[in-house]
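Below is one structure; the comments refer to it alone.
The values are calculated or read from the model by the stated rules, or taken from the named source; none is laboratory data. Predicted model, so just to flag it, every value in this text is computed and none were measured. Methodologically, a virtual Cβ is constructed for each residue, glycine included, from the backbone with ideal geometry; neighbour enumeration extends over all protein chains shown. Remember, those area values only see protein heavy atoms, side chains included, never the ligands or the DNA or RNA. Shrake-Rupley method; radii C 1.70, N 1.55, O 1.52, S 1.80 Å.
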Amino acid sequence: MLPQLIRVTFRAAVVFALFGASAAHLGAQQQVDVLIKGGTLIDGTGAARRRADVGVKGDRIAFIGDAAASRVTAAKTIDATNLIVAPGFIDPHTHTQGDLSSPLRKANLAYLMQGVTTVVTNNDGGGGTDIAKLIDTWSKQGIGTNAAVYIGEGSVRGAVMGMSSAAPTPAQLDSMRAIVGRAMDQGAIGMSTGLYYAPGSYATTEEVIELAKVAASKGGLYDSHLRDESSYTIGLVGAVNEAIRIGHEAHLPIHISHIKALGTDVWGQSDSVIGIIKRARASGVDVTADQYPYTASGTSLGASLLPRWAEAGGRDSLRARAKDPAARARLIGDMEANLKRRNGAHSLLISSTRDSTILGKRLDAIAAERKKSPVEAALEIIVAGPDPSVASFNMDEKDITNFMKQDFVVTGSDGSDGHPRKYGTFPKLFHEYVNEKHVITLERAVQRSSAQTAKILGLSNRGTVTQGAFADVIMFDNATFADRSTYEQPTLTAVGVKFMLVNGVLTIDGGTYTGATGGKPLRRSNAPGA
């Protein structure tokens, strides 16, 4: 009798323990601040889309799964039915320092409406050199997107040597090293170069390597607008090799900005460039690139046509050369050759300028109105100043798609005033190259616009919708996500992003900007105070 009683008691205890544990589990609830329900999750890692709810607590992602089954409740619930839930996009190449620093433009709305939650600025070797002051300004006034910053080699050289084309003295090189080191300590994520643009263009490869070594010693990366994307000086292939050499000898990752084959002279060279980069990567060199999906680049009229020797010494020196008969003859000849590289006068559209008489016109039309040759008209405009921005139609679609298919290429806008890419890069990629042309998949488009970019930039816990990551999350309608900006109307905001969280802050609600500034300055992960 006693053994049977013991067996019954034991069974009852087991049943109670199991039932009690289950009941306790069923009774448990997880409270989050925001619950995103019913969406299709593409988490940024490259994994296939799946149905999942996402819970956010504070500035972090706290839950991913079936909210109902897990008894997750929230202060606010977002219905993401028929929407793609994805990490906020990260743009590694923008010109947003002025926007973010302005009390009127700090929201960075051009990027928010594209689904971009993080931008990087001070690219192409430019921007300010006081990184601490810049970050402090953003922290105090608030910014709409997260933002990271480079120290620009051109700005560093300009601060020490002005527009001189001379080689630096040892003391001047030490001064430049010190500026780069200080900027890195203040939180810059690396050093950018614009070796096509003066005064950065006056630096030799060896000079750039010496400065890059400083960034490398602080854990930074090397981002470069190549010395030549066409056939101006060392050629596209030569410039890619130079960038790889700089990163290899300075011992830091290399990121090539807005990779392209610019101008008819180099159309079709994407295969050669891709081969060079693949071989470097196979040998252990860390080389990546970004790209925007447009056939027109954006720059200034002067940068398009002036030879760099003519800019040495600054604007007054340029004006003096334009007046000197011998120098002018050489200048005009070089500009004619550069115009041919740019695919002719019809390929240059004035996209941003204070002169309303030329805004929105192509150089050939302006030249006809002024009864001058295109180069003479251009030089007249440049010398009168300020130098207008242009959209330069100079790329071949085959090279664009060839670069786009590469696994080392991510998305970047190089957004500049007057060019539609500032307002349309990311939705154009999805609308045109994913949904219409099927060049890449939706999952790949998200990955190369988020997690892969975060990894390149060294941004910890950004770029994925995973538990514990920062809550930079977007919800967009893939059927309607599209760019509206054009060369004629470049400031039309994108459509299709229905909801957005930036560090857990609801920034877009029902397709409308809420006025919130949830962004943060992002320092290099190993910088003091990061």
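Things worth noting here:
- In the stretch 353-374, the residues that are of a type in the set (K, R) reach residues that are in a loop (DSSP other than H, G, I, E, B) and open to solvent by less than 40 Å² (accessible area, probe 1.4 Å) with C-beta atoms within less than 9 angstrom, at least six apart or across chains, in these pairs: R354/P388.
- Residue within the stretch 287-305 that is surrounded by 20 or more Cβ atoms within 10 Å (Cβ to Cβ) and of a type in the set (F, W, Y) present: yes
- The set of residues in the stretch 479-503 that are more than 18 Å from F426 (Cα to Cα) and in contact with a Phe, Trp or Tyr (Cβ under 8 Å, 6 or more places away or on another chain) contains only N503.
- Conditions (1) touching an Asp or Glu at 6+ places or on another chain (Cβ under 9 Å); (2) touching a residue at least 40 places away in the same chain (Cβ under 8 Å): number failed by R245: (1)
- Within the stretch 32-89, being within 20 Å of K498 (Cα to Cα), among the acidic types (D, E) and open to solvent by 70 Å² or more (accessible area, probe 1.4 Å) holds for one residue alone: D79.
- Set side by side, the residues F470, F408, F403, F393 differ, and just one is among the hydrophobic types (A, V, I, L, M, F, W, C), open to solvent by 10 Å² or more (accessible area, probe 1.4 Å), under 27 Å from Y150 (Cα atoms) and more than 14 Å from the chain's Cα centre (by Cα), which is F470.
- Complete set of residues in the stretch 313-367 that are assigned to a helix (DSSP H, G or I), of a type in the set (S, T, N, Q) and open to solvent by 40 Å² or more (accessible area, probe 1.4 Å): none
- Number of positions in the stretch 135-162 that are touching a helix residue (DSSP H, G or I) at 6+ places or on another chain (Cβ under 7 Å) and open to solvent by less than 60 Å² (accessible area, probe 1.4 Å): 15
- Test: residue in the stretch 265-275 that is modelled with pLDDT under 95 and within 30 Å of V410 (Cβ to Cβ): yes
- Residue within the stretch 108-119 that is open to solvent by less than 20 Å² (accessible area, probe 1.4 Å), small (G, A, S) and touching a Phe, Trp or Tyr at 6+ places or on another chain (Cβ under 9 Å) present: yes
- The stretch 122-134 - residue that is within 10 Å of S155 (Cα to Cα) and polar (S, T, N, Q) and, of those, least open to solvent (accessible area, probe 1.4 Å): N122
- Unique residue being open to solvent by 20 Å² or more (accessible area, probe 1.4 Å) and either of a type in the set (S, T, N, Q) or more than 17 Å from the chain's Cα centre (by Cα) (or both) when the list is T453, T464, T425: T464
- Cβ separations smaller than 9 Å between residues 6+ apart or across chains give no pair from the stretch 159-180 residues that are farther than 12 Å from P199 by Cα and at pLDDT below 95 to residues that are open to solvent by less than 50 Å² (accessible area, probe 1.4 Å) and outside any loop (DSSP other than H, G, I, E, B).
Each row is one residue, and each column tells you yes or no for (1) buried (at least 24 other Cβ atoms within 10 Å of the Cβ); (2) not small (G, A, S).
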position	(1), (2)
E432	no, yes
I440	no, yes
L457	yes, yes
T486	no, yes
T491	no, yes
A494	yes, no
L506	no, yes
T517	no, yes
